[in-house]
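One structure is given here, and the rest of the page talks about it.
Since every read-out is calculated from the coordinates, none of them should be taken as a lab result. If you're wondering where the values come from, they're calculated on a predicted model, not measured in any experiment. Cβ placement follows ideal geometry from the backbone for every residue including glycine, while neighbour counts extend to all protein chains displayed.
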Amino acid sequence: PLVLGIETSCDETGVGIVRGETLLVDAVASSVEQHARFGGVVPEVASRAHLEAMAPTIERACREAGVRLDDVDALAVTSGPGLMGALLVGVAAAKGLAIALGKPLYGVNHLAAHVAVDQLEHGPLPEPTMALLVSGGHSSLLLVPDVTGDVRPLGATIDDAAGEAFDKVARLLGLPFPGGPHIDRVARDGDPAAIGFPRGLSRPKDLERYRYDFSFSGLKTAVARWVEQRAASGEPVPVADVAASFQEAVVDVLTRKAVAACRSEGVDTLLVGGGVAANSRLRAMAAERCAAAGITLRVPRPGLCTDNGAMVAALGSSMVRRGRAPSALDLPADSSMPVTTVLA
Ligand code: ATP
Ligand code: MG
Ligand code: FE
């Protein structure tokens, strides 16, 4: 099926078009520069930017894919989770198109879409697949027997998301927003073993209760203390070493728990998705540890890890192929849609 997907959960206006599992176009207009001076995404600013970008981005996607809206078999849209005002713009646009074109509409979960997008690059997901979902607002380990309907959460962060930790530590180091890519870049010149930052929820006692859960707020505080003490002593802060050591602590815990989950659940494929999956050290360590454990690793290319419309189209296309019933045309946006609700 030819599916057009719309993503507006945060600050990216994404429109993707796929045919089956083939990506035709992934058009993204980002308002990230408008938020940078505030050090975080401003919801009202994001909503307005989506309104302005929506129609032109749909037009551009169709033009670049060489398809007419009439040719589209189904529409898919992120119905949650995300910023309410931002989600509403995408949902309203998708409903309008579905009604005007007389085509089915699938309101899908943004987090499941971060997982489903990998199919555009590496083909159908094995069933089951273990998914490590690491993004700006979420960090979860999910057992995924079928991405269109069945997602079982094994664990999640009990405080900050991994991406949030990257962004907060970047800010502390004076790096621009969003900080994840900047930490990744400066860490290349640093020593990941320079500072032994804590690995959250990794002690034997923690593992009893929090086997597949994560915690990054203690790590962020430890980095803040270390930087403060160094600054107070009058010595320069070794930014590259701090970034590399922080990144190592995050990536170490994420990959260790993901591989452990695959082993004990008997799952032989690990998929890493979400914005933080663009991180070069996470990709490298996941590759090493999966190879050592005999696990097949799948990670979408970095451009498909961060928010985009193609991921929504990919999940919508899976819904059509699986014969799922479409969403009702009065489908709501749900800012706190649980990861277990894959289709609204
Ligand atoms: P969610 O998907 O939970 O709703 P989101 O959609 O805002 O959150 P994503 O776009 O999936 O988040 O991911 C954005 C996050 O990924 C940001 O925190 C950003 O810093 C982080 N990120 C992007 N690239 C990298 C990188 N190379 N290294 C580390 N973090 C990165
Ligand atoms: Mg973004
Ligand atoms: Fe996201």
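Couple of notes before you dig in:
- Candidate set: region 98-138, residues that are farther than 19 Å from Thr13 by Cα and within 16 Å of ligand 2 (Cβ to nearest atom); chosen: the one surrounded by the most Cβ atoms within 10 Å (Cβ to Cβ): Val134
- Answer residue from region 8-45, given it is within 28 Å of Leu175 (Cβ to Cβ), in a strand (DSSP E or B) and polar (S, T, N, Q) and is nearest to ligand 2 (Cβ to nearest atom) among those: Ser30
- Any chance Arg289 is out of contact with any strand residue (DSSP E or B) (no Cβ under 8 Å at 6 or more places or on another chain), exposed (fewer than 15 other Cβ atoms within 10 Å of the Cβ) and under 20 Å from Gly274 (Cβ atoms): no
- For region 30-59, a residue qualifies if it is more than 21 Å from Asp334 (Cα to Cα), within 14 Å of ligand 1 (Cβ to nearest atom) and touching a helix residue (DSSP H, G or I) at 6+ places or on another chain (Cβ under 7 Å), and the qualifying residues are Ser31, His35, Gly39.
- Considered as a group, the residues in region 266-282 that are over 16 Å from Val147 (Cβ atoms) and more than 9 Å from ligand 1 (Cβ to nearest atom) include one that is farthest from the chain's Cα centre (by Cα), and that residue is Gly266.
- Looking only at residues in region 161-186 that are assigned to a loop (DSSP other than H, G, I, E, B) and within 15 Å of ligand 3 (Cβ to nearest atom), the one that is farthest from Asp206 (Cα to Cα) is Pro178.
- Qualifying residue in region 141-158 (condition: within 16 Å of ligand 1 (Cβ to nearest atom) and part of a helix (DSSP H, G or I)): no
- Restricting region 252-286 to residues that are more than 12 Å from Ala131 (Cα to Cα) and of a type in the set (S, T, N, Q) leaves a set whose member that is surrounded by the fewest Cβ atoms within 10 Å (Cβ to Cβ) is Ser264.
- For region 139-169, filtering for residues that are touching an Asp or Glu at 6+ places or on another chain (Cβ under 6 Å) and polar (S, T, N, Q) leaves 0.
- Test: Arg63 is basic (Lys, Arg), under 20 Å from Cys305 (Cα atoms) and more than 16 Å from ligand 2 (Cβ to nearest atom): no
- The residues of region 66-97 that are among the hydrophobic types (A, V, I, L, M, F, W, C), more than 16 Å from ligand 2 (Cβ to nearest atom) and surrounded by 23 or more Cβ atoms within 10 Å (Cβ to Cβ), listed by number, are Leu75, Ala76, Val77, Val91, Ala94.
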